[in-house]
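K.L.:
First the structure, then my questions, so here it is.
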Amino acid sequence: MHNNKRQAWWAVALVMGLPAAAHARASTQPVAASCPAAVPADAKCFSAAMPSGAQVMAILPAGWQAAQGVAVMHAHGGPSLGKASLKRVEEDATRWAVMPASGYAWAGTSYQRGGYGVTMSADDMEELRHWFVQRFGQPRRMVLHGQSYGGGVASVAAERYGRQPVGPSGRPAFDGVLLTSGVLGGGVDAYTMRLDLRAVYQFYCQNHPLPSEPQYPLWQGLPAGNKMTRADLERRVHDCTGIDKPAAERSPEQTRRLQGILAAVPVTEKSLNSHLNWATFLFRDLTQLRLGNRNPFDNSRTVYRGVDAQAQQQLNAGVLRYSADPQAVGQLLADSRPTGRTQLPTVTLRGIRDQTAFVELAGSYQQIREAAGTADSLVQAYTSEAGHSYLSDPEYRAAMAGLLDWIDKGDKPTPQKLAERCAQQASRPAVAQEGKSSSNTGCHIEPDYQPQPLSSRVPGPRL
């Protein structure tokens, strides 16, 4: 029995990545680095290469001292594909310059490689934390922050490392968790909709792949070795749907096809390209490189909506269907789905109209925490915004301040309290806009909002 468990553990590790303990502990001295332009001018920045292969950066605000200071360990979104790059961390430092501007030290990691691997990336967060403490001292408070895909990473890291004693003081590795626009609940819940999109898109467009190209199961994303680029895919989407043109300039066929896609799958014109990118290039990485060319997604019994009854009947009769491989499902769940077993104070913040990580994913995470008996340590707040990559400075300042008061004083925040804190922060100047798609100002928290179940958003019923 124990041997079987060990074999199962190594099967996941070999596909998704080795834990931090399997690498030598970080020993690279930080090197002084140029700070991104958005970072306060009097801050100091440092970078290093980790034994795992990850690239890391730390930002220390002027006058920051570990004994009195707060440090934020940042898990970035994506996942990016390709090799680990310091450029990725610099981009995160630019986007999240509100943290050092608010007086918090900040550190980020590229992760040890690109591609999917939630548990691997969670282990990289522990490597980052260890490096930061080793080089800059144990801060008074250590906060784990996850954004988008990094929200899933941070939720798993909190469970793996959050409460373990660190050093002679017996302090926990992390004191609290902030999850923003998080892809929560695991990869099966988060990504099955993108298989729906590939299948429905192919039914209407028949150009990904083209009839003249080798056919392949759509859950593979792309065949290994296929040279398609994002620009190539975008051209095909434009040819089929005309979303690069005003609605009045689209052909009747383009309009019909686009209406059919949007009726069946919960995406918008603006988000269609990005979701198809994930369902192409990330799917190839996930299914072929991480899951042994096995399919974790299932649409074999999904009922898709049509623009009318006839269109719905034709779509459901003709759409390509796939059954999930149980081994792939189990492997993806083991890697990416949190158990909820953490008592760390956790605050989440996300936009209600986010078209990348649907707000209903927060409901899935709530259910996970309730099942684990840890929902009392979770506060979820929602804003009326449609942004995903960034909401607003005062909202993040309010979330951090509320989380720290919860940690320090036992004053658990509520969405209403966070909204009030945000209003107090709203007059402060916004940090530089670079890397942000929102206005970066204002308070939009909806204290009374509660999300619907994920099943209300995605096509169904499912197995």
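K.L.:
Could you please give the count of residues in the range 34-90 that are of a type in the set (Gly, Ala, Ser) and assigned to a strand (DSSP E or B)?
P.N.:
Keep residues of the range 34-90 that are of a type in the set (Gly, Ala, Ser), which gives 34, 37-38, 41, 43, 47-49, 52-54, 58, 62-63, 66-67, 69, 71, 75, 77-78, 80, 82, 84-85.
Narrowing the set further to residues that are assigned to a strand (DSSP E or B) leaves 47-49, 58, 71, 75.
Number satisfying all stated conditions: 6.
Yes/no per residue for (1) in contact with a strand residue (DSSP E or B) (Cβ under 6 Å, 6 or more places away or on another chain); (2) polar (S, T, N, Q):
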position	(1), (2)
306	no, no
314	no, yes
319	no, no
347	yes, no
352	yes, no
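K.L.:
Have a look at 315, 272, 286 and point out the one that is over 20 Å from residue 257 (Cβ atoms) and either crowded, with 21+ Cβ neighbours inside 10 Å or of a type outside the set (Asp, Glu) (or both).
P.N.:
Exactly one residue qualifies, and that residue is 286.
K.L.:
Tell me, please, whether a residue that is at pLDDT below 95, part of a helix (DSSP H, G or I) and within 30 Å of residue 106 (Cα to Cα) can be found in the range 164-184.
P.N.:
So far as the range 164-184 goes, no, none of its residues is at pLDDT below 95, part of a helix (DSSP H, G or I) and within 30 Å of residue 106 (Cα to Cα).
K.L.:
Let me ask something additional. Return the residues of the range 41-71 that are out of contact with any strand residue (DSSP E or B) (no Cβ under 8 Å at 6 or more places or on another chain), modelled with pLDDT of 95 or more and either assigned by TED's automatic domain parsing to the domain that holds residue 296 or not small (Gly, Ala, Ser) (or both); say none if nothing qualifies.
P.N.:
Once the filter is applied, which keeps residues that are out of contact with any strand residue (DSSP E or B) (no Cβ under 8 Å at 6 or more places or on another chain), modelled with pLDDT of 95 or more and either assigned by TED's automatic domain parsing to the domain that holds residue 296 or not small (Gly, Ala, Ser) (or both), the range 41-71 yields 42, 65, 68.
K.L.:
Please find, within the range 79-121, the residue that is surrounded by the fewest Cβ atoms within 10 Å (Cβ to Cβ) out of those that are hydrophobic (A, V, I, L, M, F, W, C) and touching a Ser or Thr at 6+ places or on another chain (Cβ under 7 Å).
P.N.:
86
K.L.:
Would you confirm whether or not the range 276-290 contains a residue that is part of a helix (DSSP H, G or I), closer than 20 Å to residue 323 by Cβ and of a type in the set (Ser, Thr, Tyr)?
P.N.:
Taking the range 276-290 first, the residues part of a helix (DSSP H, G or I) are 276-290.
If we keep only those that are closer than 20 Å to residue 323 by Cβ as well, we get 279, 283-284, 286-288, 290.
Imposing the further condition that a residue be of a type in the set (Ser, Thr, Tyr) reduces the set to 287.
Yes, some residue in the range 276-290 is part of a helix (DSSP H, G or I), closer than 20 Å to residue 323 by Cβ and of a type in the set (Ser, Thr, Tyr).
K.L.:
Further question: Looking at 115, 108 in this structure, which one is part of a strand (DSSP E or B) and in contact with a helix residue (DSSP H, G or I) (Cβ under 6 Å, 6 or more places away or on another chain)? Give the steps one after another, and end with the answer.
P.N.:
Working: 115 fails: part of a strand (DSSP E or B).
Sole residue among the options that is part of a strand (DSSP E or B) and in contact with a helix residue (DSSP H, G or I) (Cβ under 6 Å, 6 or more places away or on another chain): 108.
K.L.:
Based on what the data block shows, is residue 61 surrounded by fewer than 18 Cβ atoms within 10 Å (Cβ to Cβ) and in contact with an Asp or Glu (Cβ under 9 Å, 6 or more places away or on another chain)? Show your work before the answer.
P.N.:
Working: surrounded by fewer than 18 Cβ atoms within 10 Å (Cβ to Cβ): no; in contact with an Asp or Glu (Cβ under 9 Å, 6 or more places away or on another chain): yes.
No; evaluated as a whole, the condition is false for this residue.
The values are calculated or read from the model by the stated rules, or taken from the named source; none is laboratory data. Here the structure is a predicted model, which is why all the values come from computation and not from measurement. So basically every Cβ, Gly included, is an ideal-geometry build from the backbone, and we count neighbours across all protein chains shown.
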